[in-house]
Structure formats: C-alpha cells, structure tokens
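Notes follow once the structure below has been shown.
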Amino acid sequence: MAGARDRVLVYGHASGGDIDETVRAATHYAELGYQAIRAQTGVPGLAATYGVGRGDLYYEPAERGLPPEQRWSTEKYLASVPRLFERLRKELGPDVHLLHDVHHRLTPIEAARLGKSLEPYHLFWLEDPVPAELQEGFRLIRQHTTVPLAVGEVFSSIHDCQRLITEQLIDYIRTTVVHAGGITHLRRIAHLAELYHVRTGSHGATDLSPVCMAAALHFDISVHNFGIQEYMRHSEDTDRVFPHAYRFAEGALDPGDAPGLGVDIDEALAAKFPYQRAYLPINRKLDGTIHSW
C-alpha cells in the first residue's frame, strides 16, 4: 500500500510490581532501541494493578479459568503515578517518549488532576483517562491540563469519535483495524482526524493476532497523520503459528516486502494449541464496589 513512510514508530510496554522494577524494565526497552515506552507500575497497598502483566516483552492481562477479582484505590493510584514518571525522566532523560494508560478508571476532575501532576515529565500521551463513552469529560480535562490525550480502542466507527476529533478534545485517536471497520474505514477516521491536528495511535494488544498487527502497519504507512503504533510482542508460540514478514529494529516496525499483509498461518501447528478459556479481571474498590477494570 503506497504511503508516507516505510517504517512505523512503535512503543513497548514496561511494567513492574513497584517503581524500581518498572524503571529497570523501561531501561531494558531503551537498551533494545525503543524510542517510546508505556510505563505501568504496581500501586502500594494494592495486590494487583492494570498494566502489570506476565512476560518480559509482552503483556497478557487475561487469566485462565474464572475471572479473578482485583482491588482498586483511586487515591493510592493518583499518589503513585507522578513518582513513577519523576524517576523515569531522571533515569532515561528527556528524549525517550513516555506513555501511560489510565484504563478508563478516573472521573474527569481526577484525570485533570493527574494530567496536571504529570506535566513536568512531558508525556507523549495519557491514554483512556476516563470512560470513552463520556466524551464531555474530555472537555473538562482539557480545561485543566496540557498533557496530550489518547482514546479510541473501544470505538467501532467514525461516528464514535467525531466529536472528540472535531472539537480537538484529544490528540491521538486509537481506533484499530479489527474493531473499526478494517483498513478502509480506519482511513476515513484518519482523514477526518488529519483536518483537526489529531494523529493516529492504533491499539495493538496481544489479543490482536499478527494478522491484525500487519494490517495495522499497512494502515500506518498509508496515512500522513500517523503518530505511533502500539506494539505488544506476541509469545514465541504465536509467532510460530503466524509466521510474518514484519520485523522490529531501532524502535520501529518494518512491514516487510511479502505479498499481501505478509502473514501466513501454520494450521497444523495451530491445531496443537486448543482454545483455553480466559477472562479479564473484575475490579472492586476497597469498599467492595464494582469498578471499571
């Protein structure tokens, strides 16, 4: 597909049970050549936290069997995140792009407070600060902080993100090829966003196969307002089932020169990995109230 670039800037996912572990993970990503790193850390006083997963270079949040329960405290979270990014900037310097995912958990004024506290550390973006359905909330956040905002992985059409784009309430639109109508419809969203200085930052979690990642890369190289691509590496087994042409080097993905999307499937090998049920966790506040995971 003809486009504006031949390589795609990507970000990796550094996490740890505490700030020290996350800083070590982020340093490792920087040593591997990543120019952009999403950082998530465990919150003191909570047994588990979104974004802290298994695997050194990939993150898988789903758990096999019935959904586990996790506890959540907005107050503890808001106190810990600024300390993380203060350390990261001190250790990594000013040139590495730093990102963070709130995962829809805050109210607009809480998100505004968080964004303001993170301004000294110059984040590339703050992702999903509030539930995406409450788009008016982004206007309130905008009134209080200049931290760039990203949202959209849950959107399924251009109509879901029209207000956010045309009113410039976000800086990055995260719609993805597998959820938002394929490459053609995703390009419609990108073309609208380009008019309003909104760039793309497509979702790329491990539950989206290498086929989806390859399609995202072809979309990325075809639009002029490309911003960044999420890159969660798949497990070695997944990569063997889906041999692909795209490759990582120097902080970017090269889609490769293979025909089509450049991904194949080894059906005989895939048959050796039967479906296993897995669920995302259930989240409760410390008082037992169900809360957004």
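The values are calculated or read from the model by the stated rules, or taken from the named source; none is laboratory data. As the structure is a prediction and not an experimental result, all values here were calculated from the model. For neighbour counting, all protein chains shown are included, and Cβ atoms are generated from backbone atoms with ideal geometry for every residue, glycine included. Just so you know, the surface numbers come from the protein's heavy atoms only, side chains and all, with ligands and any DNA or RNA stripped out. Shrake-Rupley method; radii C 1.70, N 1.55, O 1.52, S 1.80 Å.
Counting only residues that are part of a loop (DSSP other than H, G, I, E, B) and at pLDDT below 95, which one in region 235-254 is nearest to residue 207 (Cα to Cα)? Full working, then the answer.
So the first thing to find is which residues in region 235-254 are part of a loop (DSSP other than H, G, I, E, B), and the list is 235, 242-243, 245-246, 250-251.
From the residues that got through so far, the ones that are at pLDDT below 95 too are 235, 250.
Details: 235: 11, 250: 24 Å.
In this case the residue turns out to be 235.
Does region 53-63 contain any residue that is open to solvent by less than 10 Å² (accessible area, probe 1.4 Å) and not polar (S, T, N, Q)? For region 53-63, residues open to solvent by less than 10 Å² (accessible area, probe 1.4 Å) and not polar (S, T, N, Q): absent.
Determine, yes or no, whether residue 255 is open to solvent by less than 20 Å² (accessible area, probe 1.4 Å) and either touching a residue at least 60 places away in the same chain (Cβ under 8 Å) or polar (S, T, N, Q) (or both). Yes: the conditions hold for residue 255. Taken over region 119-144, the criterion of being of a type outside the set (A, V, I, L, M), open to solvent by 10 Å² or more (accessible area, probe 1.4 Å) and either within 14 Å of the chain's Cα centre (by Cα) or within 20 Å of residue 81 (Cβ to Cβ) (or both) is satisfied by 119, 120, 121, 122, 124, 131, 142, 144. Condition check for residue 67 on (1) under 18 Å from the mean Cα position of the chain (by Cα); (2) open to solvent by 30 Å² or more (accessible area, probe 1.4 Å); (3) at pLDDT below 95: one failure, at (1). Only a single criterion out of (1) touching a residue at least 12 places away in the same chain (Cβ under 8 Å); (2) open to solvent by 50 Å² or more (accessible area, probe 1.4 Å) is not satisfied by residue 192, namely (2). Within region 18-34, the set of residues being out of contact with any strand residue (DSSP E or B) (no Cβ under 6 Å at 6 or more places or on another chain) and either assigned to a strand (DSSP E or B) or surrounded by 15 or more Cβ atoms within 10 Å (Cβ to Cβ) (or both) comprises 21, 23, 27, 28, 30. Restricting attention to region 172-202, the residues being more than 14 Å from residue 148 (Cα to Cα), hydroxyl-bearing (Ser, Thr, Tyr) and in contact with a strand residue (DSSP E or B) (Cβ under 9 Å, 6 or more places away or on another chain) number 3.
Residues in region 94-109 that are crowded, with 19+ Cβ neighbours inside 10 Å, of a type outside the set (Lys, Arg) and in a loop (DSSP other than H, G, I, E, B): 96, 102, 104, 106. Going by the conditions given, is residue 48 at pLDDT 95 or above and buried (at least 16 other Cβ atoms within 10 Å of the Cβ)? The answer is no for residue 48. Screening 216, 190 for residues that are over 23 Å from residue 270 (Cβ atoms) and of a type in the set (Gly, Ala, Ser) leaves exactly one candidate, 190. Of the residues 126, 99, 114, 149, the single one that is in contact with a His (Cβ under 7 Å, 6 or more places away or on another chain) and closer than 20 Å to residue 74 by Cα is 126.
Look at residue 214 and say whether it is crowded, with 18+ Cβ neighbours inside 10 Å, within 18 Å of residue 158 (Cβ to Cβ) and in contact with a strand residue (DSSP E or B) (Cβ under 6 Å, 6 or more places away or on another chain). Talk me through it step by step, then tell me what you get.
On the way: crowded, with 18+ Cβ neighbours inside 10 Å: yes; within 18 Å of residue 158 (Cβ to Cβ): no; in contact with a strand residue (DSSP E or B) (Cβ under 6 Å, 6 or more places away or on another chain): yes.
So residue 214 fails the test.
Looking at 279, 246, 231, which one is of a type in the set (Phe, Trp, Tyr), exposed (fewer than 15 other Cβ atoms within 10 Å of the Cβ) and farther than 16 Å from residue 152 by Cβ? Answer to the selection: 279.
On the stretch given as region 153-170, residues that are closer than 22 Å to residue 231 by Cα, modelled with pLDDT of 95 or more and open to solvent by 40 Å² or more (accessible area, probe 1.4 Å) total 1. Quick one: is residue 112 farther than 23 Å from residue 52 by Cβ and open to solvent by less than 10 Å² (accessible area, probe 1.4 Å)? For residue 112, the condition - farther than 23 Å from residue 52 by Cβ and open to solvent by less than 10 Å² (accessible area, probe 1.4 Å) - is met.
Residue 222 falls short on exactly one of the conditions (1) open to solvent by less than 40 Å² (accessible area, probe 1.4 Å); (2) in a loop (DSSP other than H, G, I, E, B); (3) touching a residue at least 60 places away in the same chain (Cβ under 8 Å); (4) in contact with a strand residue (DSSP E or B) (Cβ under 7 Å, 6 or more places away or on another chain), and that condition is (4).
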